[in-house]
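Worksheet: one structure, shown below.
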Amino acid sequence: MERPLLAIESSCDETSASICLEGKILSNIIATQDVHARYGGVVPELASRAHMENIVPVVREALMAAGTSIGALGAVAYTRSPGLMGALLVGAQFAKSLSLSLQIPLIGVHHMKAHVLANLLNEPPPDFPFLCLTVSGGHTQIVLATSPYDLKILGQTIDDAAGEAFDKIAKLLELPYPGGPLIDKWAHLGNPDAFVFAKPQVPGYNYSFSGLKTSVLYFLQQQQKLDPDFIHKYRADICASVQSTIIKILLRPFKKAMLETGIKQICLAGGVSANSGLRAAFADLGKRYQVNVSVPDMVYCTDNAAMIAISGWYQWKQQLFTPLDSPCSARSEWA
Ligand code: KG4
Ligand code: ZN
């Protein structure tokens, strides 16, 4: 019988551990680091320290919740790239120590590929090939997945990521970090057509968000000159209009890729796929063009170890192991 796989995610500000057995997730424990909120963004050094504090209790809880023990493990997976270097190293060193002491395979996982493969945790999972829109705090990508081992980037952002746009605009609106979920909340109370913002377009299936952020900044500066209380009075309408603009920007190249590739299965991934407006727009896109839509459960959209576990499990099946001396990488090299 197969032995369980332990996966660890520590690339940014969530310390998470998950147990996977025969491709099924038995547990997924996530410790979110609240320490960053007062700084308006993730502070790398504080993230590393919090991972150090969290990692043992989080792994212990994941083992307990899955009804297994450390000695029973058959493999250990961890996020190898991309992410904050100090944060990645905490998970990597923990995983390497376990691999060495238990003499079990070590499996380094690419965080962005894992976001895409989080869709395989759906019941039923999407069929291959599928086209995935990955939208997170650091990345915006259109990925063509022909198998769990073959993921190709068709397009991506040339500047800010969608999540970054949400967070930076939220900051302009005096909302705390991470502002994406708060814009989502406020958007429910506002009119998406109240204000018009720039929708930058770039060639191919690529994205640009920096123009939108500047457009919102100038708009707010102008309005505040006329009414210093503008943001407070119109926050819901601004949030609804910003969210609707980001969704329109996201869907344009994705729809183009979907129609030009003729792929009939589309997926969402990454933290921003928790956005209620984007989920609704995606469902609508599926209905309109008669393609199947897969969106991960909320808990598998934002950073979590279950997506590292399922990705690591597929790598395990193909004996795609990582040597102990393999370094982590802050960058997103895709190979
Ligand atoms: O994938 P993720 O958890 O971390 C990265 O790998 O970046 O994504 C985090 C991003 C943040 O920018 C956050 O504001 C955004 O996802 N986010 C949302 C929502 N929930 C999380 N953005 C818009 N609406 C949401 N409901
Ligand atoms: Zn992520």
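The values are calculated or read from the model by the stated rules, or taken from the named source; none is laboratory data. Nothing here was measured: the structure is a model prediction, and the numbers come from that model. Methodologically, a virtual Cβ is constructed for each residue, glycine included, from the backbone with ideal geometry; neighbour enumeration extends over all protein chains shown. For the accessible areas, the whole protein counts, side chains as well, though only heavy atoms, and no ligand, DNA or RNA atoms are used. Shrake-Rupley method; radii C 1.70, N 1.55, O 1.52, S 1.80 Å.
General remarks:
- Computed about the Cα centre, the dipole magnitude for the range 245-335 is approximately 540 debye when only Lys and Arg (+1) and Asp and Glu (-1) carry charge, each at its Cβ.
- Length released on extending from residue 188 to residue 159, taking residue separation times 0.36 nm less the Cα-Cα span: 7.7 nm
- Using 0.36 nm per residue and subtracting the Cα-Cα separation, the extra length available between residue 24 and residue 217 on full extension is 64.9 nm.
- Carbon plus sulfur fraction of accessible area for the chain, probe 1.4 Å, in percent: 55
- The chain: antiparallel DSSP beta bridges as a percent of all, rounded to 5: 60
- Under 5 Å from the amide H of residue 157 lie the amide H atoms of 140, 207, each residue being 5 or more positions distant or on a separate chain, with H modelled from the backbone and absent for Pro and chain starts.
- 11 Å reach of a label modelled at residue 201, 7 Å along Cα-to-Cβ, counting backbone N of the range 242-281: 252-253
- When the alpha carbon gyration tensor of the range 151-199 is reduced to an equivalent ellipsoid, its three semi-axes come out at 23, 14, 11 angstrom, largest first.
- Rg to Rh, two decimals, where the chain supplies the alpha carbon set and Rh follows Kirkwood: 0.99
- Amide hydrogen neighbours beyond the local backbone of residue 26, cut-off 5 Å, H modeled: 19, 20, 21
- Proportion of all alpha-carbon pairs of the range 102-190 beyond 22 Å (%): 45
- Entry comment: accessible area of the chain is 44 Å² per residue, from protein heavy atoms only and a probe of 1.4 Å.
- The slack between residue 56 and residue 39, meaning 0.36 nm per residue of separation minus the straight C-alpha distance, is 3.5 nm.
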